[in-house]
């Protein structure tokens with residue numbers, strides 16, 4: 001078996017589209033027009049995005065699988081760092097269970113190790129598959145279905161307006177400012193945001209004050225009763241706000257839609273979102289033991305992976321980990337990237353990390369690379385891992401200090417689909 005992973009040439013895009021159509025039947029690539037349209041969109045998107053490329057697994061010139069790689073700039077503790085993303089992983093149905101997907105993921109990780117990235121991220125089709133490859137879970141996503149009248153009425157809507165195409169620059173600037181304040185968010189281009197705002201099915205409400213857009217909400221409608229065109233849900237595609245005032249005015253906008261809208265549907269990684277409402281219940285009216293009223297549904301999604309433990313701590317040397325001072329020896333289990341497997345000693349001085357290869361640790365922490373990835377991103381706390389037996393310490397007297405060292409003010413967010 002002589003396999004190679006290389007960029008897919010345009011000459012093979014017909015085979016690529018067939019492969020993708022079989023791997024993702026929901027795309028409905030089953031007519032000549034749908035196949036041609038998908039191919040054209042894919043070629044245009046790749047031409048417009050220099051940080052993205054499609055790679056394929058070939059065996060004797062036959063395309064067995066493919067993936068799309070993304071060069072992301074991710075906000076990590078206030079600094080923009082290269083992070084590698086992968087999506088559209090597809091395997092020929094005749095070659096399932098032949099480790100094609102493993103070859104793709106291995107090539108993806110090596111690609112970004114070679115590019116100098118310290119972190120990788122993806123959306124899983126199955127979390128267990130990628131956890132075996134060292135990916136740790138990120139922040140859960142919650143789906144709320146709230147009646148419009150349950151949103152706070154607020155003080156009014158004086159600063160709101162509907163966006164036009166020439167407002168895309170201000171909207172992009174708003175997102176970029178917001179991105180720099182939220183751990184885990186990925187930089188996005190003005191063109192990407194323009195496509196979302198200018199989509200024919202989307203409406204965008206903006207909040208502007210003192211000449212600056214400080215919040216926006218992109219939404220669409222979904223009919224909930226095919227026999228009644230006037231019964232619709234309002235589906236929020238993206239909601240960004242830089243100030244409480246911007247949030248409150250957009251809540252006023254939603255509150256005022258009670259006569260037209262059945263439910264407002266919103267997905268968020270904000271674990272405190274339900275505090276916004278006097279009544280955050282959804283329409284199921286289910287009661288969980290013992291008298292907990294169902295408010296939202298949740299799902300696991302984006303997963304993170306440290307590509308190089310040493311490089312990670314070198315790249316975040318600007319960040320103070322909880323202001324703590326101690327020397328920590330990390331003993332990491334990583335069976336997929338063997339260079340990570342083993343021990344690394346880090347000296348933290350008022351929280352700032354310095355690699356200390358020759359030093360002895362005050363405490364040794366044994367952890368799998370998946371859980372370590374979730375921990376350093378802030379998706380889970382050290383005490384949470386300790387509680388479930390997912391990390392061990394050589395001296396439990398350091399548990400509180402290490403908990404504070406890895407604690408982040410907020411869990412990471414990801415608003416980028418890929």
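A short reminder: the numbers here are calculations on the coordinates, not readings from a lab. Model, not experiment: these values are computed from the prediction. Positions of Cβ are generated from backbone atoms using ideal geometry, with glycine treated the same way; all protein chains shown enter the neighbour counts.
Values computed for the structure shown
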{"read-out": "FRET efficiency, 1/(1 + (r/R0)^6) with R0 22 Å, evaluated for residue 143 and residue 260 via beta carbons", "value": "0.55"}
{"read-out": "Estimated Rh, the range 3-117: Kirkwood, alpha-carbon pairs, angstrom", "value": "15.0 Å"}
{"read-out": "FRET efficiency, 1/(1 + (r/R0)^6) with R0 35 Å, evaluated for residue 41 and residue 166 via beta carbons", "value": "0.90"}
{"read-out": "Residues 241, 175, sorted so that the one with the fewest Cβ neighbours within 10 Å comes first", "value": "241, 175"}
{"read-out": "Most fluctuating residue given options 135, 313, 72, as computed from a GNM of the chain linking Cα atoms under 10 Å", "value": "313"}
{"read-out": "Three semi-axes of the equivalent ellipsoid, the range 109-191, Cα gyration tensor, whole Å, largest first", "value": "35, 22, 11"}
{"read-out": "Among 351, 301, 26: highest mean-square fluctuation, GNM of the chain, C-alpha pairs under 10 Å", "value": "26"}
{"read-out": "Added length on full extension, which subtracts the Cα-Cα distance from 0.36 nm per residue, residue 53 to residue 339", "value": "100.3 nm"}
{"read-out": "Relative contact order (%) - criterion: Cα under 8 Å, at least six apart; region: the chain", "value": "16 percent"}
{"read-out": "Solvent-free Debye scattering, log10 I(q)/I(0), computed from the Cα coordinates of the range 142-299 at q = 0.15, 0.16, 0.18, 0.19 Å⁻¹", "value": "-0.85, -0.97, -1.19, -1.30"}
{"read-out": "Burial order of peptide ranges 6-13, 190-197, 288-295 (average beta-carbon count within 10 Å, highest first)", "value": "190-197, 6-13, 288-295"}
{"read-out": "Ascending count of other beta-carbon atoms within 10 Å, so fewest first, for 167, 270, 357", "value": "357, 270, 167"}
{"read-out": "Enclosed volume per residue, in Å³, of the convex hull spanned by Cα atoms of the range 51-176", "value": "212 Å³"}
{"read-out": "Estimated FRET transfer efficiency when R0 is 35 angstrom, pair residue 347-residue 383 (beta carbons, to 0.05)", "value": "0.95"}
{"read-out": "√(5λ) per eigenvalue of the Cα gyration tensor, the range 308-406, largest first, Å", "value": "17, 17, 13"}
{"read-out": "Of 17, 79, 265, the one that fluctuates the most in a GNM where the chain has Cα springs shorter than 10 Å", "value": "17"}
{"read-out": "Taking the range 183-318 and dividing mean pair separation by its residue count, relative contact order in percent (alpha carbons under 8 Å, at least six apart)", "value": "14 percent"}
{"read-out": "Inter-label distance, nm, simple model (7 Å from Cα along the C-beta direction), residue 410/residue 293", "value": "2.7 nm"}
{"read-out": "Square roots of 5 times each gyration tensor eigenvalue, C-alpha, the chain, largest first, Å", "value": "37, 31, 21"}
{"read-out": "Nitroxide proxy distance, nm - points 7 Å out along Cα→Cβ at residue 190 and residue 300", "value": "4.1 nm"}
{"read-out": "Likely footprinting exposure, 207, 336, fewest C-beta neighbours within 10 Å first", "value": "336, 207"}
{"read-out": "Counting DSSP beta bridges with both ends in the chain, the antiparallel % (nearest 5)", "value": "85 percent"}
{"read-out": "Normalised contact order of the range 41-161, rounded percent, pairs of Cα under 8 Å and 6 or more residues apart", "value": "17 percent"}
{"read-out": "For the range 173-224, convex hull of alpha carbons as volume per residue, Å³", "value": "107 Å³"}
